[in-house]
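Since every read-out is calculated from the coordinates, none of them should be taken as a lab result. What you see is a predicted model; the values in this text were computed from it and never measured. All Cβ positions, even for glycine, are placed from backbone atoms using ideal geometry, and neighbour counts span all protein chains on display.
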Amino acid sequence: MASFLHKVLHIGPDPAIVARVDTLRAALAIIKVDIDTRHFLWDLTFNGGHHCVSCSPLGKVGACGPTCALLRPTGSVLPGIEAAMSEKWTRTTGQLSIRYDKLMLSVPASGYKVSISNLQQWEEAVELLQQRLA
Ligand SMILES: [Zn+2]
């Protein structure tokens, strides 16, 4: 009924869609933390224990200034951790990051103007990310 009234009266976005999009946004915020943590762990392992909040995500060394952590001399990799980060783990992290970035290009930009089919695609994509990151 609410959906019908919103269409007839043109009184803003359908509350059911608003709720679903908001749920997606909340899920993506949690997924971001998981992906960022994976990148952080990867950096610590393969960049001699160095990570810069500004430069590491961009892949640019020293862009934030002369005190950038990535400019420090690198030590050895953290013992024991490198082995846990298999090639498969690294590849999966890369794939999930790409999927996350694609969602972040479309979900926030759409506002609440989204078709039901697009919304369903996003929900399936988010569910897949949640399963793979679990
Ligand atoms: Zn930096």
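By counting other Cβ atoms within 10 Å of each Cβ, how are THR92, THR45 ranked from fewest to most? Could the numbers behind the result be given before it?
On the way: THR92 14, THR45 18.
Result, fewest neighbours first: THR92, THR45.
Using the basic label-point model (7 angstrom from Cα toward the beta carbon), what is the VAL18 to THR90 distance in nanometres?
Result for the modelled spin labels: 4.7 nm.
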